[in-house]
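Read-outs throughout are calculated quantities, based only on the coordinates presented, and are distinct from any laboratory measurement. All of these numbers come straight from a predicted model, not from anything done at the bench. Glycine gets a Cβ as well: all are built from the backbone with ideal geometry, and neighbour counts include every protein chain shown.
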């Protein structure tokens with residue numbers, strides 16, 4: 001019997017050789033010759049829409065990490081999570097070949113002025129007819145600040161205070177045009193009604209913008225807001241703003257605790273908890289049989305470069321793991337940098353596996369390997385237990401993983417009444433609120 005509540009699926013993409021699992025660019029089925037071809041990205045957009053995914057989003061950063069051993073040699077040389085093309089260039093191409101799929105992009109509130117952000121996202125939402133999501137990040141690494149002309153990051157609390165103001169300012173800009181401000185009356189000579197366009201005149205402690213925005217009101221008014229808050233301040237920010245949350249709990253119990261906390265925070269400030277989908281990440285390997293899936297997973301594990309794992313983990317926890325092997329040393333050296341969710345996951349893995357922190361940071365993320373039914377069993381278990389409203393899925397091998405998931409796992413979820421067969425709405429927000 002179909003269930004009333006249905007899960008959401010969002011793909012995690014990187015504009016580079018691999019996503020969250022290390023060394024997968026070395027897999028024979030991983031495509032590399034098309035990294036700078038439009039068709040690569042248009043193809044995966046078509047795959048995701050055919051599978052009725054809610055959206056994809058591009059994880060992004062402003063530079064090449066050089067935290068491990070104080071240099072970028074291992075991260076770039078061994079093929080880490082690189083952004084080789086600005087996703088702002090790719091998303092319009094992917095919008096062009098799809099009609100309902102949500103289109104997510106990462107932008108930092110610490111470096112991009114509110115007016116520019118509102119203009120970028122308002123334009124994308126306009127040309128996509130209301131399908132854009134903004135993955136809001138405050139940035140947790142000094143090298144990115146230095147790439148943007150700053151000596152280092154502002155304090156974490158100040159970054160979130162600034163982010164609140166950026167979103168308030170963007171809202172003032174996005175709502176500065178009434179829905180019917182464009183008249184387009186050729187005979188009468190009236191293109192727009194100036195009385196239905198307003199200045200933003202926003203002034204905060206960190207952010208100010210005059211407006212009006214040059215972009216008319218988009219179909220969603222503002223993009224769907226996505227976030228990944230894990231620290232207490234980050235969770236408070238997510239509870240205020242987020243409509244999708246990307247998280248990486250190591251266990252179902254951790255997922256239940258996180259989702260329960262976010263929902264309680266939302267209720268406490270008067271937001272309906274159902275307005276936000278909490279989406280843990282799973283890295284899947286699909287096989288026709290369990291044995292085939294395990295063999296595929298073992299092959300992927302054999303490709304993993306241990307030095308790349310440490311370089312990637314150094315980026316995650318914002319510390320040089322060639323020198324640091326305990327959480328106490330990590331806390332002592334963290335300073336103003338850091339992303340709490342990554343550190344939390346490392347500690348959760350260590351606790352779950354009964355291993356040390358040093359061992360945990362040397363392991364790639366666990367793979368969920370199995371038949372379509374086995375993978376659906378795990379997703380259903382987390383979903384019905386209250387650990388998730390859906391899932392973020394990075395491709396283990398690009399594009400094969402997402403192709404296999406769409407062909408084999410999605411039909412199994414649909415058969416169980418857990419996932420849509422057709423999109424219910426045209427905009428991303430409509431499809432998040434009505435999962436079909």
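Calculate how steeply helix 156-174 sits against the longest principal axis of the alpha-carbon atoms of the chain, using the helix alpha-carbon long axis, and give the answer as 0 to 90 degrees to the nearest 10.
40
Based on the mean of other Cβ atoms within 10 Å per residue, sort peptides 183-192, 398-407 so the most packed one is first.
Going by the mean number of other Cβ atoms within 10 Å, highest first, we get 398-407, 183-192.
Under 10 Å, Cα contacts only: if you run a Gaussian network model on the chain, which one of 148, 170, 276 comes out with the highest mean-square fluctuation?
In this elastic network of the chain, the residue with the biggest mean-square fluctuation among 148, 170, 276 is 148.
Which of these values of Cα Rg over 2.2 N^0.38 Å was calculated from the structure shown: (i) 0.97; (ii) 1.10; (iii) 1.05?
The value matching this structure is (i).
Which residue, 48, 103, 368, has the most motion in a Gaussian network model of the chain that connects Cα atoms within less than 10 Å?
Most flexible of the set in this elastic network: 368.
Provide the convex hull volume over Cα atoms per residue for segment 139-222, in Å³.
Per residue, the Cα convex hull of segment 139-222 comes to 120 Å³.
How far is helix 290-303 tilted off the main Cα axis of the chain, in degrees rounded to 10, range 0 to 90?
90
Would you mind checking the tilt of helix 306-317 against the longest principal axis of the Cα atoms of the chain, expressed as 0 to 90 degrees and rounded to 10?
Compared with the principal axis, the helix lies near 40 degrees.
Return the calculated 222 nm mean residue ellipticity for the chain, to the nearest 500 deg cm²/dmol, obtained by summing -39500 (n - 2.57) across DSSP H runs with n ≥ 4 and dividing by the residue count.
Computed mean residue ellipticity for the chain: -12000 deg cm²/dmol.
Say a paramagnetic label sat at a point 7 Å from the Cα of residue 373, along Cα to Cβ; which residues of segment 409-428 have their backbone N under 20 Å from it?
409-419
What share of the DSSP beta bridges in segment 56-200 is antiparallel, in percent to the nearest 5?
The answer is about 25 percent antiparallel.
Of 312, 238, 253, which has the largest mean-square fluctuation in a 10 Å C-alpha GNM of the chain?
In this elastic network of the chain, the residue with the biggest mean-square fluctuation among 312, 238, 253 is 253.
Three principal axis extents, largest first, for the C-alpha atoms of segment 1-45, in Å?
45, 24, 16
Need one number: % antiparallel among DSSP beta bridges in the chain, to the nearest 5. Please report the intermediate quantities before stating the final value.
Values: 5 of 36 bridges.
That works out to approximately 15 percent antiparallel.
As a footprinting exposure proxy, order 107, 428 by other Cβ within 10 Å, with the fewest listed first. All intermediate terms of the calculation are to be shown ahead of the outcome.
Working: 107 20, 428 28.
Taking fewest neighbouring Cβ atoms as first place, the list is 107, 428.
Starting with the fewest neighbours, write out 36, 111 ranked by other beta-carbon atoms found within 10 Å of each beta-carbon.
By the 10 Å Cβ count, ascending, the order reads 36, 111.
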